[in-house]
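The values are calculated or read from the model by the stated rules, or taken from the named source; none is laboratory data. These numbers were taken from a predicted model, which means no experiment stands behind them. Please note: Cβ atoms are built from the backbone with ideal geometry, for glycine as well, and neighbour counts cover all protein chains shown.
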Amino acid sequence: MSEGTIKKFMFVNRTAPYGTVYALESLEVVLITAAFDQDVSLVFMDDGVFQLKKGQQTKGIENKNFSPTYRALDGYDVEKLYVEGEALAARGLTEEDRYDVEKLYVEGEALAARGLTEEDLLVDVTVMSRAELGKLMDEMDVVLTF
Amino acid sequence: MLIAVTINEGPYQHQASDSAYLFCKAALEKGHEIRRVFFYNDGVNNASSLTEPPLDDRNIVARWSKLAADHKLDLVVCVAAALRRGIRDENLAAGFRISGLGQLVEAGIEADRLVTFGD
(Lines give C-alpha, C1' and ligand atoms only; values in the text may rest on other atoms or scores of the structure.)
Protein backbone atom coordinates (compact mmCIF):
# COMPACT_ATOMS: atom_id res chain seq x y z
CA MET A 1 0.00 0.00 0.00
CA SER A 2 1.36 3.36 -0.99
CA GLU A 3 0.78 5.41 2.13
CA GLY A 4 0.49 9.10 1.52
CA THR A 5 0.39 9.04 -2.28
CA ILE A 6 -2.32 11.34 -3.58
CA LYS A 7 -3.35 11.04 -7.18
CA LYS A 8 -5.86 12.98 -9.22
CA PHE A 9 -8.85 10.73 -9.86
CA MET A 10 -11.57 11.85 -12.24
CA PHE A 11 -14.90 10.09 -12.60
CA VAL A 12 -16.66 10.80 -15.86
CA ASN A 13 -20.37 10.12 -15.58
CA ARG A 14 -22.08 9.81 -18.94
CA THR A 15 -25.22 7.77 -18.34
CA ALA A 16 -28.70 8.57 -17.03
CA PRO A 17 -29.16 7.79 -13.32
CA TYR A 18 -31.56 4.89 -13.94
CA GLY A 19 -31.90 2.45 -16.82
CA THR A 20 -28.41 1.10 -16.18
CA VAL A 21 -26.47 0.64 -12.95
CA TYR A 22 -23.46 2.71 -14.03
CA ALA A 23 -24.39 5.90 -12.15
CA LEU A 24 -24.99 4.12 -8.84
CA GLU A 25 -21.87 1.99 -9.06
CA SER A 26 -19.81 5.00 -10.12
CA LEU A 27 -20.92 6.81 -6.97
CA GLU A 28 -19.78 3.83 -4.90
CA VAL A 29 -16.25 4.08 -6.33
CA VAL A 30 -16.26 7.85 -5.81
CA LEU A 31 -17.01 7.46 -2.11
CA ILE A 32 -14.30 4.84 -1.62
CA THR A 33 -11.77 6.92 -3.54
CA ALA A 34 -12.55 9.93 -1.37
CA ALA A 35 -12.15 7.74 1.71
CA PHE A 36 -8.62 6.95 0.47
CA ASP A 37 -7.94 10.71 0.68
CA GLN A 38 -7.39 11.03 -3.04
CA ASP A 39 -7.95 14.18 -5.10
CA VAL A 40 -11.39 13.40 -6.56
CA SER A 41 -13.18 15.19 -9.40
CA LEU A 42 -16.51 14.29 -10.90
CA VAL A 43 -17.58 15.19 -14.41
CA PHE A 44 -21.14 14.93 -15.67
CA MET A 45 -21.63 14.90 -19.41
CA ASP A 46 -24.01 13.45 -22.01
CA ASP A 47 -27.06 11.95 -20.23
CA GLY A 48 -24.94 11.89 -17.07
CA VAL A 49 -26.13 15.43 -16.35
CA PHE A 50 -29.51 13.91 -15.42
CA GLN A 51 -27.83 12.28 -12.41
CA LEU A 52 -27.81 15.72 -10.75
CA LYS A 53 -31.37 16.65 -11.71
CA LYS A 54 -33.52 17.92 -8.85
CA GLY A 55 -36.78 16.18 -7.99
CA GLN A 56 -35.99 12.61 -8.99
CA GLN A 57 -38.89 10.27 -8.26
CA THR A 58 -38.12 6.60 -8.59
CA LYS A 59 -41.08 4.95 -6.94
CA GLY A 60 -42.69 4.04 -10.23
CA ILE A 61 -39.65 2.06 -11.40
CA GLU A 62 -39.02 0.54 -7.96
CA ASN A 63 -35.42 1.74 -7.91
CA LYS A 64 -33.74 3.41 -4.97
CA ASN A 65 -33.43 7.18 -5.39
CA PHE A 66 -29.75 7.66 -4.64
CA SER A 67 -29.57 11.28 -5.79
CA PRO A 68 -29.43 12.69 -2.22
CA THR A 69 -25.95 11.17 -2.00
CA TYR A 70 -24.64 13.80 -4.42
CA ARG A 71 -25.61 16.48 -1.94
CA ALA A 72 -23.74 14.63 0.79
CA LEU A 73 -20.47 14.34 -1.13
CA ASP A 74 -19.07 17.34 0.67
CA GLY A 75 -18.60 16.18 4.23
CA TYR A 76 -20.19 12.76 3.99
CA ASP A 77 -19.94 10.41 6.93
CA VAL A 78 -18.68 6.95 5.93
CA GLU A 79 -20.65 5.30 8.74
CA LYS A 80 -23.74 5.89 6.66
CA LEU A 81 -22.44 3.80 3.80
CA TYR A 82 -24.17 0.49 3.64
CA VAL A 83 -22.13 -1.74 1.31
CA GLU A 84 -18.47 -1.04 1.73
CA GLY A 85 -18.45 -0.46 5.47
CA GLU A 86 -16.46 -3.61 6.10
CA ALA A 87 -13.95 -2.75 3.41
CA LEU A 88 -13.38 0.61 5.06
CA ALA A 89 -13.01 -0.97 8.49
CA ALA A 90 -10.50 -3.45 7.07
CA ARG A 91 -8.40 -0.50 5.97
CA GLY A 92 -8.52 1.24 9.32
CA LEU A 93 -10.98 3.94 8.28
CA THR A 94 -13.63 5.14 10.70
CA GLU A 95 -16.51 7.58 10.78
CA GLU A 96 -13.98 10.28 11.53
CA ASP A 97 -12.72 10.06 7.96
CA ARG A 98 -14.93 12.45 6.09
CA TYR A 99 -15.26 12.72 2.38
CA ASP A 100 -14.18 15.84 0.67
CA VAL A 101 -15.46 15.91 -2.87
CA GLU A 102 -16.04 19.45 -3.97
CA LYS A 103 -14.98 19.30 -7.56
CA LEU A 104 -18.10 18.77 -9.60
CA TYR A 105 -17.93 19.72 -13.26
CA VAL A 106 -20.79 19.68 -15.74
CA GLU A 107 -20.43 19.96 -19.48
CA GLY A 108 -22.29 23.08 -20.59
CA GLU A 109 -23.12 21.73 -24.04
CA ALA A 110 -24.74 18.61 -22.54
CA LEU A 111 -26.90 20.73 -20.22
CA ALA A 112 -28.00 23.03 -23.03
CA ALA A 113 -28.81 20.14 -25.36
CA ARG A 114 -31.20 18.77 -22.73
CA GLY A 115 -32.88 22.07 -21.91
CA LEU A 116 -31.34 22.19 -18.43
CA THR A 117 -29.63 24.97 -16.52
CA GLU A 118 -27.65 25.04 -13.27
CA GLU A 119 -30.92 25.89 -11.51
CA ASP A 120 -32.21 22.40 -12.28
CA LEU A 121 -29.35 20.70 -10.43
CA LEU A 122 -29.21 19.31 -6.88
CA VAL A 123 -25.77 20.66 -6.05
CA ASP A 124 -23.49 23.55 -6.89
CA VAL A 125 -21.37 22.68 -9.88
CA THR A 126 -18.85 24.27 -12.17
CA VAL A 127 -20.16 24.36 -15.71
CA MET A 128 -17.37 23.98 -18.23
CA SER A 129 -17.21 23.74 -21.98
CA ARG A 130 -16.29 20.50 -23.70
CA ALA A 131 -12.92 22.00 -24.62
CA GLU A 132 -12.19 23.11 -21.05
CA LEU A 133 -13.08 19.66 -19.74
CA GLY A 134 -10.69 18.14 -22.23
CA LYS A 135 -7.86 20.22 -20.79
CA LEU A 136 -8.85 19.28 -17.24
CA MET A 137 -8.84 15.57 -18.12
CA ASP A 138 -5.34 15.99 -19.44
CA GLU A 139 -4.18 16.96 -15.94
CA MET A 140 -5.57 13.81 -14.30
CA ASP A 141 -3.64 10.71 -13.19
CA VAL A 142 -6.57 8.30 -13.32
CA VAL A 143 -9.78 8.71 -15.33
CA LEU A 144 -12.66 6.27 -14.85
CA THR A 145 -15.74 6.50 -17.05
CA PHE A 146 -19.16 5.18 -16.18
CA MET B 1 5.59 -0.17 -16.92
CA LEU B 2 3.33 -1.09 -14.01
CA ILE B 3 -0.19 -1.47 -15.39
CA ALA B 4 -3.56 -1.95 -13.71
CA VAL B 5 -6.63 -3.03 -15.64
CA THR B 6 -10.31 -2.69 -14.91
CA ILE B 7 -13.07 -4.58 -16.75
CA ASN B 8 -16.61 -3.26 -16.51
CA GLU B 9 -18.60 -5.51 -18.83
CA GLY B 10 -19.58 -9.16 -18.76
CA PRO B 11 -18.23 -11.95 -20.99
CA TYR B 12 -19.71 -12.76 -24.45
CA GLN B 13 -22.27 -9.93 -24.28
CA HIS B 14 -19.47 -7.40 -24.71
CA GLN B 15 -15.95 -7.40 -26.10
CA ALA B 16 -14.42 -5.62 -23.10
CA SER B 17 -13.16 -8.79 -21.42
CA ASP B 18 -11.74 -10.20 -24.67
CA SER B 19 -9.90 -6.96 -25.40
CA ALA B 20 -8.61 -6.73 -21.84
CA TYR B 21 -7.34 -10.31 -21.99
CA LEU B 22 -5.50 -9.73 -25.26
CA PHE B 23 -4.12 -6.45 -23.90
CA CYS B 24 -2.82 -8.12 -20.72
CA LYS B 25 -1.24 -10.94 -22.71
CA ALA B 26 0.47 -8.52 -25.07
CA ALA B 27 1.65 -6.30 -22.21
CA LEU B 28 3.11 -9.29 -20.33
CA GLU B 29 4.87 -10.50 -23.49
CA LYS B 30 6.43 -7.04 -23.85
CA GLY B 31 7.78 -7.31 -20.30
CA HIS B 32 5.32 -5.01 -18.56
CA GLU B 33 3.93 -5.88 -15.16
CA ILE B 34 0.21 -6.18 -14.46
CA ARG B 35 -0.39 -4.93 -10.93
CA ARG B 36 -3.99 -6.10 -10.77
CA VAL B 37 -7.05 -6.82 -12.93
CA PHE B 38 -10.19 -5.48 -11.28
CA PHE B 39 -13.68 -6.65 -12.26
CA TYR B 40 -16.53 -4.20 -11.71
CA ASN B 41 -20.11 -3.63 -12.89
CA ASP B 42 -21.21 -6.62 -15.00
CA GLY B 43 -17.49 -7.41 -15.34
CA VAL B 44 -17.84 -9.52 -12.20
CA ASN B 45 -19.59 -12.15 -14.36
CA ASN B 46 -16.19 -12.92 -15.89
CA ALA B 47 -15.43 -14.73 -12.63
CA SER B 48 -18.32 -17.21 -12.63
CA SER B 49 -17.20 -20.83 -12.53
CA LEU B 50 -20.70 -21.78 -13.76
CA THR B 51 -19.91 -20.34 -17.18
CA GLU B 52 -20.09 -23.02 -19.85
CA PRO B 53 -19.71 -21.77 -23.42
CA PRO B 54 -20.15 -24.06 -26.46
CA LEU B 55 -17.04 -26.15 -27.11
CA ASP B 56 -16.23 -24.39 -30.38
CA ASP B 57 -16.11 -20.99 -28.65
CA ARG B 58 -13.41 -19.45 -26.46
CA ASN B 59 -13.80 -20.00 -22.73
CA ILE B 60 -13.35 -16.47 -21.42
CA VAL B 61 -13.44 -17.40 -17.74
CA ALA B 62 -11.02 -20.35 -18.06
CA ARG B 63 -8.73 -18.16 -20.15
CA TRP B 64 -8.45 -15.62 -17.31
CA SER B 65 -7.83 -18.41 -14.79
CA LYS B 66 -4.99 -19.78 -16.91
CA LEU B 67 -3.42 -16.36 -17.49
CA ALA B 68 -3.57 -15.75 -13.74
CA ALA B 69 -1.88 -19.09 -13.01
CA ASP B 70 0.81 -18.60 -15.67
CA HIS B 71 1.72 -15.06 -14.61
CA LYS B 72 0.61 -14.91 -10.95
CA LEU B 73 -1.95 -12.26 -11.86
CA ASP B 74 -4.09 -10.71 -9.13
CA LEU B 75 -7.68 -10.99 -10.41
CA VAL B 76 -9.98 -9.12 -8.03
CA VAL B 77 -13.78 -9.08 -8.15
CA CYS B 78 -15.67 -6.24 -6.41
CA VAL B 79 -17.65 -7.71 -3.53
CA ALA B 80 -20.62 -5.32 -3.72
CA ALA B 81 -20.99 -5.70 -7.49
CA ALA B 82 -20.50 -9.48 -7.20
CA LEU B 83 -23.12 -10.04 -4.50
CA ARG B 84 -25.67 -8.03 -6.50
CA ARG B 85 -25.13 -10.40 -9.41
CA GLY B 86 -24.90 -13.73 -7.61
CA ILE B 87 -21.12 -14.18 -7.74
CA ARG B 88 -19.79 -15.53 -4.45
CA ASP B 89 -16.93 -17.70 -3.23
CA GLU B 90 -18.99 -20.84 -3.96
CA ASN B 91 -19.05 -20.15 -7.71
CA LEU B 92 -15.84 -18.17 -8.07
CA ALA B 93 -13.53 -19.48 -10.82
CA ALA B 94 -9.91 -20.39 -10.07
CA GLY B 95 -7.46 -17.53 -9.81
CA PHE B 96 -10.04 -14.90 -8.82
CA ARG B 97 -10.60 -13.41 -5.37
CA ILE B 98 -13.43 -11.27 -4.03
CA SER B 99 -12.52 -8.03 -2.29
CA GLY B 100 -13.56 -4.42 -1.88
CA LEU B 101 -13.49 -1.39 -4.14
CA GLY B 102 -10.47 -0.18 -2.23
CA GLN B 103 -8.49 -2.65 -4.32
CA LEU B 104 -9.40 -0.68 -7.44
CA VAL B 105 -8.41 2.63 -5.85
CA GLU B 106 -5.17 1.11 -4.56
CA ALA B 107 -4.35 -0.23 -8.04
CA GLY B 108 -5.03 3.22 -9.49
CA ILE B 109 -2.68 4.80 -6.97
CA GLU B 110 0.13 2.29 -7.40
CA ALA B 111 0.13 1.65 -11.14
CA ASP B 112 1.67 3.92 -13.74
CA ARG B 113 -1.44 3.44 -15.89
CA LEU B 114 -4.96 2.28 -15.11
CA VAL B 115 -6.54 0.98 -18.30
CA THR B 116 -10.33 0.58 -18.42
CA PHE B 117 -12.19 -1.80 -20.69
CA GLY B 118 -15.90 -1.03 -20.75
CA ASP B 119 -18.76 0.39 -22.72
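Tabulated data
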quantity: Residue match in the stretch B:32-43 (condition: out of contact with any helix residue (DSSP H, G or I) (no Cβ under 6 Å at 6 or more places or on another chain), assigned to a helix (DSSP H, G or I) and without any contact (Cβ under 8 Å) to a residue 60 or more places away in the chain); calculated: yes
quantity: Qualifying position, being in contact with an Asp or Glu (Cβ under 8 Å, 6 or more places away or on another chain) and aromatic (F, W, Y), among A:F50, A:F36, A:F11, A:F66; calculated: A:F36
quantity: Every residue from the stretch A:48-70 that is under 22 Å from A:T145 (Cβ atoms) and touching a residue at least 60 places away in the same chain (Cβ under 8 Å); calculated: A:G48, A:V49, A:F50, A:L52, A:K53
quantity: Criterion (modelled with pLDDT of 85 or more and within 10 Å of chain B (Cβ to nearest Cβ)) met by exactly one of A:A23, A:A34, A:A16, A:A90; calculated: A:A34
quantity: Given (1) assigned to a loop (DSSP other than H, G, I, E, B); (2) surrounded by fewer than 16 Cβ atoms within 10 Å (Cβ to Cβ); (3) in contact (Cβ under 8 Å) with a residue 12 or more places away in the chain; (4) of a type outside the set (D, E, K, R), index of the condition B:P11 fails; calculated: (2)
quantity: Options B:V61, B:V105; residue that is within 18 Å of A:S26 (Cβ to Cβ) and of a type in the set (A, V, I, L, M); calculated: B:V105
quantity: Filter pass, B:G102 being within 28 Å of A:N13 (Cα to Cα), buried (at least 16 other Cβ atoms within 10 Å of the Cβ) and not acidic (D, E); calculated: yes
quantity: Qualifying positions in the stretch A:42-56 - surrounded by fewer than 23 Cβ atoms within 10 Å (Cβ to Cβ) and assigned to a strand (DSSP E or B); calculated: A:K53
quantity: Restricting the stretch B:81-93 to residues that are closer than 30 Å to B:H32 by Cα and of a type in the set (G, A, S), the residue that is nearest to the other protein chains (Cβ to nearest Cβ); calculated: B:A81
